[in-house]
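To start, the structure under review is shown below, and the notes come after it.
All of the numbers you see were taken from the coordinates with simple rules; none came from a lab. Not measured: the values here are computed from a predicted model. Note that each Cβ is placed from the backbone with ideal geometry, even for glycine, and that neighbours are counted across all protein chains shown.
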Amino acid sequence: VLDLSLLAGFATTTNKRFTGDRWHEWFGVGLLIALGIHIVRHRQWVSAQTRHLARNLRTRVGFKWLVNVSLYVLMSLTLFSGVLASEYLGGDLGIGYKPQQGWGGFHEQCSELVKIPVGLHVALSWRWIWSMLRRTGRRIAPARGNAGPVSA
Amino acid sequence: MTRSRFAVALAVSFLLIGSLGFVLKGNGKPERRGEPGSAAVQPNDNGRRRDRDDDGPRGERRARTSFDFSAAPGMVEPLAPMAVFAVGVVGIDQVRQRRKRRRLRSLSTSQR
């Protein structure tokens, strides 16, 4: 659920015309927190693949690791520049912060670039996503069956 | 690595990578609204100021707090590269699996 909402959150945050400036910034903060949780949840994969990187570099797992690292770097740059370019966050949080010149343009460039590794990341994880969806569906189906009226 | 240590390492690396932005974007003065090149004056597709439909008549700041549902279909846009990549990856996976199965089949027949 978290991972799917991350994807939905990313799609929503990038659509600034839908959210408007203020919500775009707050959605970005939410995305930052959710991404942190997402990476911490998958820390075992990260540390295992980093340890065996030399062995797996030419395999699909190695490619996925490279995609994930580039995604992490670009996403960090996007979110960091987004926070520094924010116009409303400072005011909403009661901090007298004014956006610095150059960060807005840099943020937009990074956010355009980050769409590529995000797409690759989701595409490379399609098996995992599919199996999770099926597992969740299976879990929901018997729960619905049990919730029905009991006939004596 | 424990969860807390990993989280701290993640936060530190986020700040370090983010601070690379200072080098990559160059130094600048505080951004003022209406300054040429600032995001505030770039027009949108309709030629209007992008996301500035929330400005008051005297140019004062009034942030839009509601969602513009007419722009909701635009959310599909970042999903388009995902769909393209997903189709590519699934296709490659299918080809690989088919090759693997064929190799296994030929191996089993040669063993017989």
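Which order results if A:24, A:42, A:121, A:107 are arranged by neighbouring Cβ count within 10 Å, fewest first?
Ascending number of Cβ neighbours within 10 Å: A:42, A:121, A:24, A:107.
Roughly how compact is the stretch A:25-152, stated as its Cα Rg over 2.2 N^0.38 Å to two decimals?
Dividing the Cα Rg of the stretch A:25-152 by 2.2 N^0.38 Å gives 1.46.
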Exercise. Determine which lysines satisfy two conditions relative to residue A:64: a Cα distance under 16 Å, and not lying fewer than 8 residues away in the same chain.
Key: A:115
Exercise. Grab the beta carbon distance between residue A:45 and residue B:76, set R0 = 35 Å, and tell me the FRET efficiency rounded to 0.05.
Key: 0.75
